[in-house]
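Step one of this worksheet: look at the structure below.
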Amino acid sequence: MTTAKLAIAAFLYVLAGPALAQNAAPALKANATVTGDIVRIGDLVENAGAVADVPIFRAPDLGTTGAVATERVVDAIRPHQLIDIDTRGISEIVVTRASRAITADEISDRLAQSLSGHFGLGSAHNILINFDRAVPMLQIEPNVTGELRVLALTYDPRTTRFDVTFDLPGSAELHRQPPRFTGTAIETVDALAVDHPVERGQVLRASDLTIMRRPKAESAGITDMAAAVGFAARQPLRPGQPLRAADLMKPEIVQRNEIVTIVYEAPGIVLTLRGQAQDAGALGDAISVLNVESKRVVQGTIVGPGRVAVSAATARVVANATTTQ
């Protein structure tokens, strides 16, 4: 075949391509996604030709999937003169109705935005929403944009109960049956709590703490991490309970019955004696200390691990008691 003939043959093949595609045998699809409430022949059959837009079934509900047996599909198409359909050995066609999903979180956020600044409530971030029932995911038409709009909203600050109804412009689904929800809404604040059991005397680290949300009306807890880290538990602490200032104390650096150094310092004078702590205490705490040599008990202030400072008057008593022995 000459070069000219090859070129002509190629040109004719290009021209014939669309026609060959149009004349391709119709064949079933294994899966189909529809956007409307009607399933058409062209949704289920490739190369359906002139009957592609003919409706034959109702579509599944928005956001759901259904299966149609091959026999039903063929029977529904037969009256429309579409013959010699290649079933490809498919026993059923899975049909999905496309949708846009609106989650429970989106619903809760939209309600909090509407409540924010009204009824004595603060910012939306601090409003805790609790619905009376589990909130289902709303399925709307896939081409509908925009946010939920509040049609009606009531709120009782005394009982904290709300009643809200939503709509979304452009959505026939929501317009037909506007979703309504009831529940409670309260303003909250951040509060610190331990994330695992903590025993008395244990010094708190940042890794021991977590932030939880508590009703603002009940809050008297610690909100600043710096006010808790480095302090010790005054009593056993349990997760889920907001930390309060009364729950914490400065870490004890002297233990009861511990041997300590009694210290008196003045210009040119440093007096030290061995003592035994009669109490446990933290830095700056006043405790009783037994002079091991004189067996007298004096009062002092904890100034460091194992060190207790005494006043000038106390130091004289200690010194005199020591020298008279």
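Laid out as a table, the results:
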item: Relative contact order computed over the chain (Cα-Cα under 8 Å; 6+ residues apart), in percent; result: 9
item: Q255 versus A134: modelled label distance in nm, points set 7 Å from Cα along the beta carbon direction; result: 5.2
item: Quotient of C-alpha Rg and 2.2 N^0.38 Å, computed over segment 258-298; result: 1.19
item: Dipole of the chain, positive end: most advanced residue of V189, T272, P136 [Cβ charges, Cα centre]; result: T272
item: D (Stokes-Einstein, µm²/s), Kirkwood Cα radius, the chain, 0.890 mPa s at 25 °C; result: 86
item: Cα-centred dipole magnitude for the chain, charges only on beta-carbon of K, R (+1) and D, E (-1), debye, nearest 20; result: 1000
item: Viscosity 1.002 mPa s, temperature 20 °C, Stokes-Einstein D of segment 99-249 from Kirkwood C-alpha radius, µm²/s; result: 121
item: Karplus-derived HN-Hα couplings along segment 165-170 (A = 6.51, B = -1.76, C = 1.60, θ = phi - 60°), whole Hz, x at Gly and Pro; result: 10, 10, 8, 9, x, x
item: Cα principal axis extents for segment 57-136, largest first, Å; result: 70, 20, 19
item: Distance from segment 227-272 to segment 154-177 (C-alpha centre basis), Å; result: 55
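Read-outs throughout are calculated quantities, based only on the coordinates presented, and are distinct from any laboratory measurement. From a predicted model like this one, the values you see are computed outputs, not experimental measurements. So basically every Cβ, Gly included, is an ideal-geometry build from the backbone, and we count neighbours across all protein chains shown.
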